[in-house]
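Written below as structure tokens is the structure these notes are about.
The values are calculated or read from the model by the stated rules, or taken from the named source; none is laboratory data. Just so we're clear, the structure is a prediction, and the values are computed from it rather than from any experiment. Here Cβ is always computed from backbone atoms with ideal geometry, including for glycine, and neighbour counts include all displayed protein chains.
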Amino acid sequence: MNIVKVNASTSYEVKIGAGLLSSLGAEVAAVAKAQIAAIVSDSNVWPLYGETVAKSLGNSGFSVVSYVFPAGESSKNGSTYLSVMNFLAQNHITRSDCLIALGGGVVGDLTGFAAATYLRGIAFIQVPTTLLAAVDSSVGGKTAIDLECGKNLVGAFYQPKLVLCDTDTLNTLPDDTFRDGCAEVIKYGILYDARLFAHLQEKGLAFDREAVITRCVELKRDVVAEDEFDTGSRMKLNLGHTIGHGVEAGSHYTVSHGKAVAIGMAIVSRAAEKEGICDECTKNSIVEILKQFGLPTDTEFSAKLLYSAALSDKKRTGGTVNLIVPETIGRCVIRPTPVETLKTFIQEGL
Ligand code: NAD
Ligand code: GLY
């Protein structure tokens, strides 16, 4: 097992290793004085891991209750959120109890937001079961639900008390969902770590999961320590996302987040080469590794459509969109791009 300590407004450990689920009860008991552990999970994850988790918590003396909602992004909304709130109240969950988010980023974001707001804040534990949740969403305290107008528009910064990542849970992920998480892993390599990138190039999908997840969490730990509330350097984690959001929205969310981010990273890399920000070798390495992982690098959507979507990006400030652009593998820059030149930049990358 590897342990990464995150120092944000509160400090907590991220524990990563095989077979950790059965020790969840003991781990929670060490960080929370709760009597009741309320597990929130989705309809895919609960049948696979609910019993192990509930048993482990029960064996450590917790009373266990559970709330399971239909899997998928369409559940990450106000209606599910209120159902969770009512469930907590009906089960007399108090501020000294705790929530357990058992699932991917959808469960983690929604449960985290419920924890941040129920009784003005109760303890919660992230138990990520997707690669994306393990390397990104479970760490760093961003919690949210979606509105009809857009994703993650309601949320809070609220750190968990513990993140417990059992790498064995990734064995049941559909291939496609695993690849989606790989796009985020590759993103960390491009942003910060040429050695991580080289490991991924060498091993492909057979990369060392425990080591790679640990490295990504260390990188995210550093970002969160520097900019917990996302006012500066944390926005680098948006590499590929501004244009990726356009692909997601343009496809009415039939293109998954990971694949859209892969396309976004390929587009900014091609545009960066044309603008002389990175060299051809860097651009080729990025496009090739995405292909190696079975991720898409092209889109049928026009520069006009992607440009319109980028304009409604949450990170836009006035007449400028902050694009994250690679200079070389392991180093990217935040490039404030005036909206007048954004369409040309996107066009160059298509
Ligand atoms: P997800 O939670 O929808 O999980 C993807 C699918 O895999 C779902 O069908 C789920 O039921 C299933 N699943 C999960 N674990 C499984 C397992 N071990 N075995 C089999 N099936 C399993 O999606 P995701 O990709 O994990 O997360 C995407 C969400 O994360 C989005 O809502 C996004 O906005 C959010 N996100 C948040 C942050 C953050 O910092 N908070 C960062 C990135 C993404
Ligand atoms: N996933 C983006 C962030 O945590 O800032």
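Only one residue in ILE190, ILE213 is within 14 Å of ligand 1 (Cβ to nearest atom), hydrophobic (A, V, I, L, M, F, W, C) and within 21 Å of GLY294 (Cα to Cα). Which one?
Criteria check complete, one pass: ILE213.
So if I check each of LYS220, LYS236, which one is in a helix (DSSP H, G or I), at pLDDT 95 or above, farther than 26 Å from PHE124 by Cβ and under 14 Å from the mean Cα position of the chain (by Cα)?
Only one candidate passes the filter, namely LYS236.
So which residues in the range 160-181 are within 16 Å of ligand 2 (Cβ to nearest atom), touching a Lys or Arg at 6+ places or on another chain (Cβ under 9 Å) and assigned to a helix (DSSP H, G or I)?
Matches in the range 160-181: ASP180 only.
How about the range 139-150: which of its residues are at pLDDT below 95 and either of a type in the set (Gly, Ala, Ser) or assigned to a strand (DSSP E or B) (or both)?
Result: ASP146, LEU147, GLY150.
Looking at the structure I just gave you, is THR129 closer than 28 Å to SER22 by Cβ, in contact (Cβ under 8 Å) with a residue 60 or more places away in the chain, away from ligand 2 (no atom under 16 Å from the Cβ) and not hydrophobic (A, V, I, L, M, F, W, C)?
The answer is yes for THR129.
Exactly one of (1) under 18 Å from LYS236 (Cβ atoms); (2) at pLDDT 95 or above; (3) assigned to a helix (DSSP H, G or I) is unmet by ALA310. Its number?
Failing condition for ALA310: (2).
Being assigned to a helix (DSSP H, G or I) and over 22 Å from ALA133 (Cα atoms) is the requirement here; does GLU300 meet it?
The answer is no for GLU300.
What do you reckon, is ILE122 among the β-branched types (Val, Ile, Thr), on the phi < 0 side of the Ramachandran plot and away from ligand 1 (no atom under 11 Å from the Cβ)?
Considered against the rule, which asks whether it is among the β-branched types (Val, Ile, Thr), on the phi < 0 side of the Ramachandran plot and away from ligand 1 (no atom under 11 Å from the Cβ), ILE122 comes out as yes.
So how many residues does the range 246-259 have that are in a helix (DSSP H, G or I), more than 14 Å from the chain's Cα centre (by Cα) and of a type outside the set (D, E, K, R)?
The number of residues fulfilling the criteria is 4.
Considering GLU248, GLU300, which residue is buried (at least 16 other Cβ atoms within 10 Å of the Cβ) and more than 21 Å from PRO338 (Cβ to Cβ)?
GLU248
Only one of THR214, THR167, THR177, THR143 is more than 15 Å from the chain's Cα centre (by Cα) and polar (S, T, N, Q); which?
THR167 is the lone residue from the list that is more than 15 Å from the chain's Cα centre (by Cα) and polar (S, T, N, Q).
Can you tell me which of SER96, SER137 is over 28 Å from LEU311 (Cα atoms) and hydroxyl-bearing (Ser, Thr, Tyr)?
That would be SER96, the only listed residue that is over 28 Å from LEU311 (Cα atoms) and hydroxyl-bearing (Ser, Thr, Tyr).
Of everything in the range 141-183 that's near ligand 1 (Cβ under 7 Å from one of its atoms) and surrounded by 23 or more Cβ atoms within 10 Å (Cβ to Cβ), which residue is nearest to GLY258 (Cα to Cα)?
ASP180
If LYS343 passes every condition in (1) over 24 Å from the mean Cα position of the chain (by Cα); (2) under 30 Å from ALA206 (Cα atoms); (3) part of a helix (DSSP H, G or I) but one, which one does it miss?
(2)
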